[in-house]
Amino acid sequence: MKDFVKKPAFTLVELLVVIGIIALLITMLMPSLRRARELTRSTLCKTQLGGLVRANQLYAAENDYVYVPAASDIFWGAAGNLNRWHGVRKDLSSPFDPAKGPLARYLGQDGKIKHCPSFTNFRTGAGAVAYEAGSGGYGYSDIYVGSQFWKYGFYHNSPGQRLGAPAGQIRHPAETVMFSDAAMPQALGGRPVYVEESFCYCPFGLDHKGSVTAAFPRQPSIHFRHLDRVNVGWCDGHVADRDDFRSIPSNVYGANPQQMMVGWFGPNDNSLFDLD
């Protein structure tokens, strides 16, 4: 009969040391795992932005090569402000329904493609001014590619809101923004929150003649949500990320866009948005 030698078990101290080492390794690995997960989300986001650009190109091909309007009735009297590029709502207090939007036939009626996988911590109610609820986290260039305000002028009831830009008039498609990650910072009870924003605002607005004016600076809405980078869909169809962030310390909603990584990229003008 063989004698069995009893092996000593772990002591409590040894067990605690092992647990400590495992915890340390997990702590060291977590940033890398979070980064890898966010890079995966950013890649999916780029795919979806590319899908939005292609959907708009298909829309243009079936509509005299004119892009979808960003908001065809946003300044159209008391009965307006119900239509967007991403959906339609029945009244001003309802969310936008993607199944009824002008791009629905190209995107799918559930509208999931326009929900950025990294944009989940936003408010849709409970005091937030969620004026674009249902848009999903991407913004469209509203006063250039998404309108003809540059032609007819920016004013109430301007016909410029009814149509997007003619594709053939965009002189440098690879250098003209169509879509980007977007959000609007707000302060709710003294606490910063994001709400959905369906437009990616260029730095400066237009006057009643359609000319750029520094008298109408615009609120930043371009959201650098992917490890301090923003994904951008351009008019030629390519999608790229940018990290040249700049912003302002406060907006009309009492929030600090600079701290919330919402701002602009590129030069401090409209050159990456206009048709020239």
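The table below lists the values:
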quantity	calculated
Subset of segment 51-88 (residues that are modelled with pLDDT under 95 and over 18 Å from Gly134 (Cβ atoms))	Phe75, Trp76, Gly77, Ala78, Ala79
So Ala70, is it of a type in the set (A, V, I, L, M), touching a helix residue (DSSP H, G or I) at 6+ places or on another chain (Cβ under 6 Å), surrounded by 19 or more Cβ atoms within 10 Å (Cβ to Cβ) and under 15 Å from Met178 (Cβ atoms)	no
Qualifying residue in segment 233-243 (condition: among the β-branched types (Val, Ile, Thr) and in contact with a strand residue (DSSP E or B) (Cβ under 6 Å, 6 or more places away or on another chain))	yes
Residue under evaluation Pro220, criteria (1) crowded, with 22+ Cβ neighbours inside 10 Å; (2) outside any loop (DSSP other than H, G, I, E, B); (3) in contact with a Pro (Cβ under 8 Å, 6 or more places away or on another chain), criterion not met	(2)
Of the criteria (1) surrounded by fewer than 22 Cβ atoms within 10 Å (Cβ to Cβ); (2) acidic (Asp, Glu); (3) modelled with pLDDT under 95, which one Glu175 fails	(3)
Of all residues making up segment 107-122, the number that are surrounded by 12 or more Cβ atoms within 10 Å (Cβ to Cβ) and at pLDDT 80 or above	9
Condition broken by Arg229, with the remaining ones in (1) among the basic types (Lys, Arg); (2) modelled with pLDDT of 95 or more; (3) over 16 Å from the mean Cα position of the chain (by Cα) satisfied	(3)
Cross-chain or 6+ apart pairs with Cβ under 7 Å, segment 252-276 first and free of Cβ contacts under 8 Å to residues at least 24 places away in the same chain, then among the hydrophobic types (A, V, I, L, M, F, W, C) and assigned to a loop (DSSP other than H, G, I, E, B)	Gln258/Ile248
Candidates Asp228, Asp274 - the one that is surrounded by fewer than 17 Cβ atoms within 10 Å (Cβ to Cβ) and in a loop (DSSP other than H, G, I, E, B)	Asp228
Complete set of residues in segment 124-166 that are under 22 Å from Ser93 (Cα atoms), part of a loop (DSSP other than H, G, I, E, B), over 17 Å from the mean Cα position of the chain (by Cα) and polar (S, T, N, Q)	Asn157
Residue pairs meeting the criteria (Cβ under 6 Å; at least 6 apart or on separate chains; first within 7 Å of Leu49 (Cβ to Cβ), in segment 229-240; second among the charged types (D, E, K, R) and surrounded by fewer than 21 Cβ atoms within 10 Å (Cβ to Cβ))	Asn231/Lys46; Asn231/Asp241; Val239/Lys46
Lone unmet requirement of (1) touching a strand residue (DSSP E or B) at 6+ places or on another chain (Cβ under 7 Å); (2) over 25 Å from Gln48 (Cβ atoms) for Lys209	(1)
Candidate set from segment 178-210 (those that are touching a residue at least 24 places away in the same chain (Cβ under 8 Å) and small (Gly, Ala, Ser)); member that is surrounded by the fewest Cβ atoms within 10 Å (Cβ to Cβ)	Gly189
Sole residue being touching a helix residue (DSSP H, G or I) at 6+ places or on another chain (Cβ under 9 Å), part of a loop (DSSP other than H, G, I, E, B) and among the acidic types (Asp, Glu), chosen from Asp236, Asp244	Asp236
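The values are calculated or read from the model by the stated rules, or taken from the named source; none is laboratory data. Small disclaimer: the values here were computed from a predicted structure and weren't measured. With ideal geometry, Cβ positions are generated from the backbone for all residues, glycine too; neighbour counts draw on all protein chains shown.
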